[in-house]
């Protein structure tokens, strides 16, 4: 039986791949998609989610816009990585469905309440929407199976020396989620940096001979250019679809239980995830933390999903 999931995202090139993986694998039942400001402003991330779902043929999946800023402070988008649209690279001028007429928090509440099974929340952007859901509707928590989020790291950051973008954008939200008592899985940079969109990967997308395959290749080609310019990487890591892969095939992602704290006040470390792998803080484990990835199996999973969507050129 397909696992019911809701994806909260801020597309974003890697978010786009995460949506395609979820839409292209029948083992997941994508109840809805909610958007948050992060990689770009809320209007752009919402538009991008609608465009990707349209390309995937998943126009029946409801999409609701959520928070347009973090809980504390101002929003800083990742235009240097994702471009002015948030999905620069390919031409994505496609007809899209209407956005839902309710806030993302309300749509999520309704979908969880209406599901016949507990729901997994997959978050691939800042955790603002998830935190607000838990704070404003604690009654849904018994019906949330777990929260799987892409964010943080057991090592270094990518926005500040120790802060990963999704967590550093809204540290307070991440703190709320990690203190919620819900089962949480953290997919951090230490693992996502293993999944690189190499020239061979991009060529395999092109070899599908489909419109969607070409679009994926163009997305990754643009992503590669910005990662090369900003970070000096030869190939870009595709962070977000690994969170979806961890739900689809847990054996692909090796995890360990650990206490995870979010630094809220450090002058240089605000937004860092303090992952206590050696149990030095005295805190109890509150997350399953990703520490390993079967890279080849991950790419096969993603390629198969995009291939099944089989959108003609």
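The values are calculated or read from the model by the stated rules, or taken from the named source; none is laboratory data. This is a predicted model, so every value here is computed, not measured. Every residue, glycine among them, receives a Cβ derived from its backbone with ideal geometry; neighbour counts consider all protein chains shown.
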Considering only residues that are outside any helix (DSSP H, G or I) and touching a residue at least 60 places away in the same chain (Cβ under 8 Å), which ones fall in the range 197-235?
208, 209, 210
Identify, from the list 19, 28, the residue that is within 17 Å of residue 303 (Cβ to Cβ) and either surrounded by 24 or more Cβ atoms within 10 Å (Cβ to Cβ) or within 11 Å of the chain's Cα centre (by Cα) (or both).
19
Going residue by residue through the range 31-52, is there one that turns out to be more than 15 Å from residue 99 (Cβ to Cβ), touching a strand residue (DSSP E or B) at 6+ places or on another chain (Cβ under 6 Å) and either at pLDDT 95 or above or crowded, with 24+ Cβ neighbours inside 10 Å (or both)?
yes
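Scan the range 154-163 residue by residue and report those that are in contact with a strand residue (DSSP E or B) (Cβ under 6 Å, 6 or more places away or on another chain) and in a loop (DSSP other than H, G, I, E, B).
From the range 154-163, those in contact with a strand residue (DSSP E or B) (Cβ under 6 Å, 6 or more places away or on another chain) are 154, 157, 162-163; that's our starting set.
Matches in the range 154-163: 154, 157, 162.
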Among the residues of the range 265-290, what is the count of those that are in contact with a helix residue (DSSP H, G or I) (Cβ under 7 Å, 6 or more places away or on another chain) and either over 21 Å from residue 193 (Cα atoms) or surrounded by fewer than 21 Cβ atoms within 10 Å (Cβ to Cβ) (or both)?
2
Residue by residue through the range 164-194, note down the ones that are touching a helix residue (DSSP H, G or I) at 6+ places or on another chain (Cβ under 7 Å) and either crowded, with 24+ Cβ neighbours inside 10 Å or part of a helix (DSSP H, G or I) (or both).
164, 167, 170, 173, 174, 176, 177, 187, 191, 192
Kindly indicate which of 109, 156 is farther than 20 Å from residue 290 by Cβ, without any contact (Cβ under 8 Å) to a residue 60 or more places away in the chain, surrounded by fewer than 22 Cβ atoms within 10 Å (Cβ to Cβ) and more than 14 Å from the chain's Cα centre (by Cα).
109
Among the residues of the range 236-276, what is the count of those that are farther than 18 Å from residue 173 by Cβ and free of Cβ contacts under 8 Å to residues at least 24 places away in the same chain?
3
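I'd like the full set of residues that are in a loop (DSSP other than H, G, I, E, B) and either closer than 22 Å to residue 35 by Cβ or touching a strand residue (DSSP E or B) at 6+ places or on another chain (Cβ under 6 Å) (or both), limited to the range 237-264.
If we filter the range 237-264 for residues that are in a loop (DSSP other than H, G, I, E, B), which is where we start, we get 238-240, 249, 259, 263-264.
Listed by number, the residues that qualify are 238, 239, 240, 263.
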Go through the range 112-153 and give me each residue that's in contact with a helix residue (DSSP H, G or I) (Cβ under 6 Å, 6 or more places away or on another chain), part of a helix (DSSP H, G or I) and buried (at least 18 other Cβ atoms within 10 Å of the Cβ).
112, 128, 129, 130, 131, 132, 133, 140
